[in-house]
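Asks: Here it is, the structure in full.
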Amino acid sequence: MDPKQPNEYFIMVGSQILWRSGVWNGTIFSSVPEMRLNYIYNFGLYSDENETYFTYSVKDSTISRLILDISGQVEQMNWLDSPQAWFLFWSQPRRSSNCDYFKYCGSFTSCSNHSETYCQCLQGFRPSDSLKQLNKDSGCVRRISLQCEDSSSVNGAEDRFLRMNNIKFPINATETKLQAAEECKLACFNDCACTAYAYNESAVCSLWHGELVNLILLSKDDPVGHTLYLKLAASEFQNPGGEKKLIWVIAIVVVVAAWELWITDRAMDLKDPILENEASYPMLIRYINVALLCVQEIAADRPTMSEVVSMLTNEHINLPSPKQPAFSYLKSLQNSVRPGACSVNNVTLSMIKPR
């Protein structure tokens, strides 16, 4: 335990923190939710100016032990008479969960045990060392400064909060009792150092200051998931209408560029350098082929979602060659037909006039 913060304990390798229990809330350590199942145990933490220690007792005749094994795990175990063996009640950090390790993804990141990559920057943040790759040692930084930090960064627009659901809270929250959720929101809004807040049905306001560490994304049906509000610059919240128009423009440009590269055998030029070692050449070509099939002009030429899944997961399925997409076709027609006339099906003539 740290004498400066005696209400939580750490597992360390040398001088490096491997895992931390989260603060004691009077009933459990916040990062050990299994302790809520207290029908077997009575847990307690005593602390004064001279000493701090954690205790537990068993409510019935169960034989129990709490150990730190050689792998660095804390394990609570019960003895079962029938199989004559120790039963693991809980352990931390979990062997199956990299996200439980302290600062596994770095600061201002989220970690998910349901994703192969585990780590990603929070919305509104970017990797601190690179614009593309996340370095776990250095984490992420804000893309745009908060208004309270730099009033010129968003032309004076007030900072806002992004709602994040199904979250296991980051560590090091400051908790206080407040009457309403709006009070909790204002407490964070009025403190520039506050980066996030949460409010629960017990009128507990949780505030996080400085960097956010060990934020975990849980599945939607996980009973321990919470809602957290992340403070971001106002410009991180785009206008929905403008965003849709921008997406359409980008989509058209990408389709045209992809087709031009495909027909000139330069499809691999579409590959992001970050994917250099992530996928084989044949698979990347397959992905591009499927993508072009999905934007065919005639609906019958476009694969269904189930067909797309089969195409991407089964390398033995032969893919049809894509035809020229509609957007690209229109572009080529502009160079071949007389000005003012355009026809995709060679049956109708459409006069293009400005509004």
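Asks: Search the structure for amide H atoms under 5 Å from the amide H of residue 323, placed 1.01 Å from N in the peptide plane, and list their residues when 5 or more places away or on another chain.
Replies: Distant-sequence amide H within range of residue 323: zero hits.
Asks: In whole Hz, what ³J(HN,Hα) sequence does the stretch 207-223 give by Karplus (6.51, -1.76, 1.60; θ = phi - 60°), x for Gly and Pro?
Replies: 10, 10, 10, x, 6, 9, 10, 6, 7, 10, 8, 9, 6, 4, 9, 6, x
Asks: Still on this structure, I have one more. Tell me, 36, 160, 302 in order of fewest to most beta-carbon neighbours within 10 Å?
Replies: Fewest-to-most ranking of 36, 160, 302: 36, 302, 160.
Asks: Related question: List, in the order given, every pair from 185/220; 177/231; 220/271; 59/177 whose Cα-Cα distance in the structure shown is over 28 Å. Let's see the in-between values first.
Replies: Numbers: 185/220 24 Å; 177/231 21 Å; 220/271 33 Å; 59/177 31 Å.
Check vs 28 Å cut-off fails for 220/271; 59/177.
Asks: Under the rule of at least 5 residues apart or a separate chain, name every residue whose amide H is placed under 5 Å from the amide H of residue 25.
Replies: Result for residue 25 returns 30.
Asks: Could I ask something else about it? Any idea what the relative contact order of the stretch 108-236 is, in percent, if you count C-alpha pairs under 8 Å spaced at least 6 apart? Present the calculation step by step, with values, prior to reporting the outcome.
Replies: Working: 260 pairs, mean separation 39.9, N = 129.
Once normalised by length, the contact order is 31 percent.
Asks: A further question follows. Can you list the HN-Hα couplings for the stretch 187-204, worked out from phi with the Karplus curve (6.51, -1.76, 1.60; θ = phi - 60°), rounded to whole Hz and with x for Gly and Pro?
Replies: 4, 6, 4, 7, 10, 4, 6, 6, 9, 6, 8, 8, 9, 10, 5, 8, 6, 9
Asks: Now for a separate question. Can you work out the Karplus-derived ³J(HN,Hα) for every residue in the stretch 159-165? Use 6.51 cos²θ - 1.76 cosθ + 1.60 with θ = phi - 60°, whole Hz, and x for glycine or proline.
Replies: The phi angles translate into 4, 10, 10, 9, 7, 10, 9 Hz.
Asks: Which far-off residues, 5 or more places away or on another chain, put their amide H under 5 Å from the one on residue 120, with H placed in the peptide plane?
Replies: The answer is 110.
Asks: Using the per-residue mean of other Cβ atoms lying within 10 Å as a proxy for protection, in what order, highest first, do the peptides 260-269, 196-205 fall?
Replies: In descending order of packing, they fall as 196-205, 260-269.
Asks: Okay, next question. Please give every one of the aspartates and glutamates within straight-line cross-link reach of residue 168, meaning a C-alpha to C-alpha distance under 20 Å, and leave out same-chain neighbours fewer than 8 residues apart.
Replies: Within reach: 8, 34, 100, 116, 201, 211, 221, 222.
None of the figures in this text is laboratory data; all of them are computed from the coordinates on show. Note that the structure is a prediction, hence the values are computed from the model and not measured. Cβ atoms come from the backbone with ideal geometry, glycine included; neighbour counts cover every protein chain shown.
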